[in-house]
Amino acid sequence: MQLEINNVSKSFGKKKVLENLSFEVNSGEIIGLVGENGAGKSSLLHILATISKADSGSIRLGKWIYGKNRKQLRRMVGFVPQDIALWEDMSVEENMLFFEKLSWINRSKIELKQLCEDMELLKWKESVHTLSGGMKRKLNMAISLIHNPGLLLLDEPTVGIDLRSKKEIAEYLKQTAQVDNKMIMYTSHDMDEIQSICDAVVCIGNDPFYENLLREANMKIISI
Ligand SMILES: Nc1ncnc2c1ncn2[C@@H]1O[C@H](COP(=O)(O)OP(=O)(O)OP(=O)(O)O)[C@@H](O)[C@H]1O
Ligand SMILES: [Mg+2]
């Protein structure tokens, strides 16, 4: 499967956030989105998650076209927002069961529990408000995987996560990209992490500072 982004632009009022952005991603690839605060990384992920729309340009995922095939696209995309979205008064188990009901795939309780364990989130019976920020983030990631999406969009998934969990998440992402042939796009401000996980990067916002940083790190840049 291929994601093709062609000349995409997006503005909020007078502020141009994305300007003629074009690049392609294939299944099995992990692409990092980098750029300064306010550059437009989350805005791009929102467009790809079909939560918001580009002003111009075209986007295609496999045979489906953004702006035309929203329903089909939603089934193929998993999204972990920058801000955590969970039911705080319910347990991990109840959250997983709730979001499984919302998805179009039937998953057994054992499968749902396994998804959490893949993330090293071993708090199945515990109430979400008792979890740490990092654990909530892992739960958000597990939820985004319930419907087995081919394209996974992660907005700063490793913020506030301890070093061990960061490494576990990195390993998990690499493995699921390779073994399950998933396409992953994710944002991070951690260059070392980007370098160790990503096959290539997209630099958002025409920023020479970031471009230099990426060149120095010998990263493959697919769009500037
Ligand atoms: N719904 C909105 N309405 C108006 N302006 C918005 C909206 N969403 C984003 N913006 C603006 O668009 C710009 C890009 O925001 P975005 O959240 O995409 O940046 P980002 O690269 O994700 O930044 P960060 O690294 O801080 O998460 C910012 O100036 C932001 O204020
Ligand atoms: Mg953001």
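Given the conditions (1) assigned to a helix (DSSP H, G or I); (2) surrounded by 15 or more Cβ atoms within 10 Å (Cβ to Cβ); (3) of a type in the set (D, E, K, R), and given that Lys101 satisfies all but one, which numbered condition is not satisfied?
With respect to (1) assigned to a helix (DSSP H, G or I); (2) surrounded by 15 or more Cβ atoms within 10 Å (Cβ to Cβ); (3) of a type in the set (D, E, K, R), Lys101 is out only on (2).
Quick test of your reading of the structure: Glu36 fulfils all but one of (1) out of contact with any helix residue (DSSP H, G or I) (no Cβ under 9 Å at 6 or more places or on another chain); (2) within 13 Å of ligand 1 (Cβ to nearest atom). Name the failing condition by number.
(1)
Filter region 1-36 down to residues that are open to solvent by 60 Å² or more (accessible area, probe 1.4 Å), within 16 Å of Val201 (Cα to Cα) and in contact with a strand residue (DSSP E or B) (Cβ under 7 Å, 6 or more places away or on another chain), then give me how many there are.
2
Which one of these is out of contact with any Pro (no Cβ under 9 Å at 6 or more places or on another chain), open to solvent by less than 10 Å² (accessible area, probe 1.4 Å), within 16 Å of ligand 1 (Cβ to nearest atom) and assigned to a loop (DSSP other than H, G, I, E, B): Pro149, Pro157? Working first, answer last.
Values: Pro149 fails: within 16 Å of ligand 1 (Cβ to nearest atom).
Every option except Pro157 fails the conditions.
Looking only at residues that are more than 16 Å from ligand 1 (Cβ to nearest atom) and among the aliphatic types (A, V, I, L, M) in region 166-189, which one is most open to solvent (accessible area, probe 1.4 Å)?
Of everything passing the filter in region 166-189, Val179 is most open to solvent (accessible area, probe 1.4 Å).
Would you be able to tell me the number of residues in region 37-70 that are open to solvent by 50 Å² or more (accessible area, probe 1.4 Å) and of a type in the set (Phe, Trp, Tyr)?
Matching residues across region 37-70 total 1.
Quick one: is Leu18 modelled with pLDDT of 95 or more, within 12 Å of ligand 1 (Cβ to nearest atom), within 21 Å of Asp190 (Cβ to Cβ) and in contact with a helix residue (DSSP H, G or I) (Cβ under 8 Å, 6 or more places away or on another chain)?
Criteria not met by Leu18.
Looking at (1) more than 16 Å from ligand 1 (Cβ to nearest atom); (2) among the hydroxyl-bearing types (Ser, Thr, Tyr); (3) surrounded by 16 or more Cβ atoms within 10 Å (Cβ to Cβ), which is the one condition that is false for Thr130?
The failed condition is (3).
The values are calculated or read from the model by the stated rules, or taken from the named source; none is laboratory data. Please read these numbers as outputs of a predicted model, since none were measured by experiment. So basically every Cβ, Gly included, is an ideal-geometry build from the backbone, and we count neighbours across all protein chains shown. Protein only, heavy atoms only, side chains kept; ligands, DNA and RNA dropped before computing areas. Shrake-Rupley method; radii C 1.70, N 1.55, O 1.52, S 1.80 Å.
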